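Report on one structure; see the data block that follows.
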Amino acid sequence: MKRVVLVTGSSRGMGKAEIEEFASRGDDVIINYVHNQTMAEAVKQEVSAKYGVRALAIQADLSKEAAVRRLAATALQEFGRVDVLVNNAGIALYGKFEDKKLADWEKSMQVNLYAPFLLTQLLAPEMAKNKYGKIVNIATIDVMTTYNPESAEYDASKAALINLTKNSALQYQPDVNVNCVCPGWVATDMNKDLPQDLLDYQQAKTCKGRLAKPEEVAKLVAFLASDDAAFIDGEVIKIDGGYKLMN
Ligand code: NAD
């Protein structure tokens, strides 16, 4: 079956790698971006030329409810259905705990939690009706094994996303699988401005001695969205290269 896959925040980083992975498996893909139309169009051109799939780039700022609704509506209008939803887009606002504003919390919640909820609510009922659907949410190991007050609102939003994963799996059983992937440190733009000594420290705490490549996470996401993972539902899976196994 040729599937339609929507990955949020997919003009770069892990989202882009996920689009490439799904397209390489023959799925039609919808790229969502907020600002960088040029990069989104480049991903679209690349995967449609390389894999012969249909690709579409849709602008939508996921911090805005109306934009999230427009993204879902446009996807359904253009493709007729969405079979796979990957809630990948995320923001992390690092800063001193004491300096954090409620506006930081609000923005993080909007992108990292409310948008995944709304997209699930808008797309999963149709998946259930079609008796086929896969949703993969991207959280982080931060909320499972480690904590950081400098990203308290990020951690809280991702912890809630794990919770949403389980409630969504219950809500849309039995034909829609909803799972969550928790990456460790991944080499993407999200980390590019962090101090090198912090990245070195984190790599040293990882058995693999390096950050993950976005493609490595994309392969797990694609697996969870595949029929090979049909009996995995409401699950939370870490992919962190053995982070902090040693003292
Ligand atoms: P990234 O910053 O390259 O990608 C994040 C994507 O989300 C970007 O495409 C960005 O444009 C998009 N985005 C941000 N705000 C948006 C908005 N308002 N509307 C629409 N899109 C928006 O970082 P990444 O590492 O590829 O992150 C992908 C996901 O993985 C995120 O959810 C992130 O929290 C999670 N994650 C990343 C790491 C890591 O170490 N990089 C670790 C664990 C989890």
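Please specify each residue of the range 51-67 satisfying the condition of being assigned to a helix (DSSP H, G or I) and touching a Ser or Thr at 6+ places or on another chain (Cβ under 8 Å).
51
Can you tell me which residue in the range 160-199 is farthest from the ligand (Cβ to nearest atom), limited to those that are more than 20 Å from the chain's Cα centre (by Cα) and assigned to a loop (DSSP other than H, G, I, E, B)?
Top of the filtered list is 174.
Given the conditions (1) under 24 Å from residue 106 (Cα atoms); (2) surrounded by 15 or more Cβ atoms within 10 Å (Cβ to Cβ); (3) aliphatic (A, V, I, L, M), report the number of the one that residue 66 does not fulfil.
(2)
Determine if the range 229-238 includes at least one residue that is under 30 Å from residue 126 (Cα atoms), within 11 Å of the ligand (Cβ to nearest atom) and in contact (Cβ under 8 Å) with a residue 24 or more places away in the chain.
Within the range 229-238 (the criterion being under 30 Å from residue 126 (Cα atoms), within 11 Å of the ligand (Cβ to nearest atom) and in contact (Cβ under 8 Å) with a residue 24 or more places away in the chain), the answer is yes, since at least one residue qualifies.
Quick check on my filter: what residues within the range 47-85 are within 13 Å of the ligand (Cβ to nearest atom) and under 18 Å from residue 1 (Cβ atoms)?
Selection gives nothing.
The rows are residues; the columns are (1) outside any loop (DSSP other than H, G, I, E, B); (2) within 12 Å of the ligand (Cβ to nearest atom); (3) closer than 13 Å to residue 218 by Cβ; (4) of a type in the set (Lys, Arg).
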residue	(1), (2), (3), (4)
2	no, no, no, yes
5	yes, no, yes, no
11	no, yes, no, no
45	yes, no, no, no
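Among the residues of the range 86-136, how many are in a loop (DSSP other than H, G, I, E, B), surrounded by fewer than 18 Cβ atoms within 10 Å (Cβ to Cβ) and within 11 Å of the ligand (Cβ to nearest atom)?
Number satisfying all stated conditions: 1.
Taken together, the values in this text are just the output of simple stated rules run on the coordinates, not laboratory data. Small disclaimer: the values here were computed from a predicted structure and weren't measured. Note: ideal-geometry Cβ built from the backbone for every residue, glycine included; neighbour counts use all protein chains shown.
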